[in-house]
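The values are calculated or read from the model by the stated rules, or taken from the named source; none is laboratory data. In this text, all values refer to a predicted model and were calculated from it rather than measured experimentally. Ideal geometry is used to build each Cβ from the backbone, glycine not excepted, and the neighbour counts take in all protein chains shown.
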Amino acid sequence: MKDKTGKVLTTGEIIKKIILRIKTILLESDVYILHLVGNIPSHYVRRFFYRLEGIRIGKGSAIHMGARFYDPRNIEIGEDTIIGEGTVLDGRAKLKIGNHVDIASEVMIYNSQHNVNSDKFAAVEEVISEPVEIGDYVFVGPRAIILPGVKIGLGAVVGAGAVVTKDVPEFAIVGGVPAKVIGERKIKDPTYRLGRAAWFR
């Protein structure tokens with residue numbers, strides 16, 4: 001048996017590829033089921049299924065409709081956090097989202113990406129994965145993109161459409177592509193609660 005490049009595979013390599021393929025199919029099935037669950041217009045039902053799939057979701061937190069997940073088992077969401085519609089949450093490496101975090105619609109948070117310098121450019125074997133951490137009281141604006149290895153500090157604000165490629169200091173306001181510090185949040189000791197999410201979102 002040969003791989004897609006024509007290399008003859010050993011029995012051990014064939015078994016390894018079969019096991020990897022089975023794991024990938026099972027994970028893709030889970031991701032598809034979560035995609036379907038994401039269209040149910042009830043926070044309670046969605047949370048129930050998300051928790052069954054291994055996502056740790058704190059008390060009072062809500063994930064609005066249409067969220068997409070990549071490997072949910074590594075995703076942890078704190079208390080009183082709201083995740084907006086159509087958000088992508090990547091769990092291929094650890095993704096930790098703090099308490100009282102407001103993530104707007106269509107935000108994409110990735111912690112795994114292709115190795116662009118790889119001669120194979122493989123989707124599974126040669127990806128670069130780094131954890132992402134979002135601190136308490138962070139606000140992430142609509143359609144922002146957060147890339148692997150980023151840590152966003154307490155109370156920081158990520159502007160709409162920003163592409164975050166490096167760590168964001170506490171209480172900094174960042175925007176642009178790539179995101180740069182454009183201001184500083186005046187509130188330094190936040191204690192607010194986000195409250196109840198809208199019923200049918």
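For the subset of the stretch 152-201 comprising residues that are out of contact with any strand residue (DSSP E or B) (no Cβ under 7 Å at 6 or more places or on another chain) and among the β-branched types (Val, Ile, Thr), which member is farthest from ILE82 (Cα to Cα)? Per the stated criteria, the residue is THR165. Residues of the stretch 84-106 include at least one that is under 16 Å from ILE57 (Cα atoms), modelled with pLDDT under 95 and either out of contact with any strand residue (DSSP E or B) (no Cβ under 6 Å at 6 or more places or on another chain) or not in a loop (DSSP other than H, G, I, E, B) (or both). Considering the stretch 181-201, and only residues there that are surrounded by 14 or more Cβ atoms within 10 Å (Cβ to Cβ) and basic (Lys, Arg), the residue that is farthest from VAL132 (Cα to Cα) turns out to be ARG201.
Take the stretch 180-197 and flag every residue that is hydrophobic (A, V, I, L, M, F, W, C) and free of Cβ contacts under 8 Å to residues at least 40 places away in the same chain. Once the filter is applied, which keeps residues that are hydrophobic (A, V, I, L, M, F, W, C) and free of Cβ contacts under 8 Å to residues at least 40 places away in the same chain, the stretch 180-197 yields VAL181, ILE182, ILE187.
Suppose we keep only residues that are hydrophobic (A, V, I, L, M, F, W, C) and in contact with a strand residue (DSSP E or B) (Cβ under 8 Å, 6 or more places away or on another chain) within the stretch 26-53. Which one would you say is surrounded by the most Cβ atoms within 10 Å (Cβ to Cβ)?
Top of the filtered list is LEU34.
Kindly list, by first and then second residue, each pair from a residue in the stretch 43-65 that is under 18 Å from LYS96 (Cβ atoms) to a residue that is hydroxyl-bearing (Ser, Thr, Tyr) and not in a loop (DSSP other than H, G, I, E, B), limited to pairs with Cβ atoms under 9 Å and residues at least 6 apart or on different chains. Listed by first residue and then by second, the contacts come to ILE57/TYR50; ILE63/TYR50.
Would you mind stating whether LYS23 is surrounded by fewer than 15 Cβ atoms within 10 Å (Cβ to Cβ), of a type in the set (D, E, K, R) and touching an Asp or Glu at 6+ places or on another chain (Cβ under 8 Å)? Here the answer is no, as LYS23 does not meet what is asked. Which residues, taken from the stretch 28-61, are in a loop (DSSP other than H, G, I, E, B) and among the β-branched types (Val, Ile, Thr)? Listed by number, the residues that qualify are ILE40, ILE55.
Quick grid of which residues meet (1) without any contact (Cβ under 8 Å) to a residue 24 or more places away in the chain; (2) surrounded by fewer than 20 Cβ atoms within 10 Å (Cβ to Cβ); (3) within 17 Å of ASN99 (Cα to Cα); (4) among the small types (Gly, Ala, Ser):
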{"residue": "GLU133", "(1), (2), (3), (4)": "no, yes, yes, no"}
{"residue": "VAL140", "(1), (2), (3), (4)": "no, no, yes, no"}
{"residue": "ILE152", "(1), (2), (3), (4)": "yes, no, yes, no"}
{"residue": "VAL158", "(1), (2), (3), (4)": "yes, no, yes, no"}
{"residue": "GLU170", "(1), (2), (3), (4)": "no, yes, yes, no"}
{"residue": "PRO178", "(1), (2), (3), (4)": "yes, yes, no, no"}
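The selection criterion, being more than 23 Å from the chain's Cα centre (by Cα) and among the hydrophobic types (A, V, I, L, M, F, W, C), does not hold for ILE25. Any chance you could count how many residues in the stretch 55-77 are under 18 Å from TYR110 (Cα atoms), at pLDDT 90 or above and not charged (D, E, K, R)? Residues meeting the conditions: 8.
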